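**Q** Just dropping this structure here.
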Amino acid sequence: LWVGEDSGIDNTDGVRTDVLEALKRLNIPNLRWPGGCFADEYHWMDGIGSRAERPVMVNTHWGGVTENNHFGTHEFMDLCDQLGCEPYICGNLGSGTVREMQQWVEYLTASAGPMAELRKGNGRAEPWQIRLWGVGNENWGCGGSMRPEYYADEYRRYATYCRNFGDNQLY
């Protein structure tokens, strides 16, 4: 999907044009990101700002490949705009924190405040409208091998601190 703007592969804003066109034909209603077990190791702040300065990590779920974080929050939101679909953001429950997810909600949906200022500094003045949010990829296996009762408690804790900003309502 992501090849970057400087790739020899035909692309639109870094996304392979052939894949983009195929996805458009599917007319998908929403798109979830990050996907799969990677969501519970992904730290969203690693995927904002200058791509040259984004930290690199090893993706242990996809064969130990290097993830350069060049496809991050703004790139995902641009992809959703290109596809005309609703974004669905999956927060990191496995290795993340409530604060981390709360700040991601604020970064994306607040019109004022520290995270909104950070977003504005990264080139997006207006907040996005994002209703769909997931708390972790899954509560078993790569999501942390949680008992249902433990996950329910964690979910309630995340739901308490991930708040609505402006007229954006979280679901």
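The values are calculated or read from the model by the stated rules, or taken from the named source; none is laboratory data. This is a predicted model, so every value here is computed, not measured. Please note: Cβ atoms are built from the backbone with ideal geometry, for glycine as well, and neighbour counts cover all protein chains shown. What goes into the accessible areas is simple: the full protein's heavy atoms, side chains included, and nothing from ligands, DNA or RNA. Shrake-Rupley method; radii C 1.70, N 1.55, O 1.52, S 1.80 Å.
**Q** Condition first: of a type in the set (A, V, I, L, M, F, W, C) and within 13 Å of the chain's Cα centre (by Cα). Now tell me which residues in the stretch 1-36 satisfy that. Step through it out loud before you land on a result.
**A** As a first pass, look at the stretch 1-36 and keep what is of a type in the set (A, V, I, L, M, F, W, C): 1-3, 9, 15, 19-20, 22-23, 26, 28, 31, 33.
Hits for the stretch 1-36 are LEU31, TRP33.
**Q** Test GLU21 against the stated conditions and say whether it is open to solvent by 40 Å² or more (accessible area, probe 1.4 Å) and over 27 Å from THR60 (Cα atoms). Before the answer, list the steps.
**A** Values: open to solvent by 40 Å² or more (accessible area, probe 1.4 Å): yes; over 27 Å from THR60 (Cα atoms): yes.
So GLU21 fits the description; yes.
**Q** Could you please give the count of residues in the stretch 39-52 that are in contact (Cβ under 8 Å) with a residue 12 or more places away in the chain, in a helix (DSSP H, G or I) and surrounded by fewer than 19 Cβ atoms within 10 Å (Cβ to Cβ)?
**A** Residues of the stretch 39-52 in contact (Cβ under 8 Å) with a residue 12 or more places away in the chain: 39-49, 51.
Still in the list and also in a helix (DSSP H, G or I): 39-40, 44-47, 51.
Applying the additional criterion that residues be surrounded by fewer than 19 Cβ atoms within 10 Å (Cβ to Cβ) yields 45-46, 51.
Final tally of qualifying residues: 3.
**Q** Going residue by residue through the stretch 116-125, is there one that turns out to be within 15 Å of the chain's Cα centre (by Cα), over 25 Å from ALA22 (Cβ atoms) and at pLDDT 95 or above?
**A** If we filter the stretch 116-125 for residues that are within 15 Å of the chain's Cα centre (by Cα), which is where we start, we get 119.
When the remaining residues are screened for being over 25 Å from ALA22 (Cβ atoms), the result is 119.
Among the residues that remain, those that are also at pLDDT 95 or above are: 119.
For the stretch 116-125, residues within 15 Å of the chain's Cα centre (by Cα), over 25 Å from ALA22 (Cβ atoms) and at pLDDT 95 or above: present.
**Q** I'd like the full set of residues that are more than 17 Å from LEU108 (Cβ to Cβ), in contact (Cβ under 8 Å) with a residue 40 or more places away in the chain and of a type outside the set (S, T, N, Q), limited to the stretch 64-82. Working first, answer last.
**A** Step one: list which residues in the stretch 64-82 are more than 17 Å from LEU108 (Cβ to Cβ), which gives 64-68, 70, 82.
Next cut, in contact (Cβ under 8 Å) with a residue 40 or more places away in the chain only: 70, 82.
Residue satisfying the conditions is HIS70 alone.
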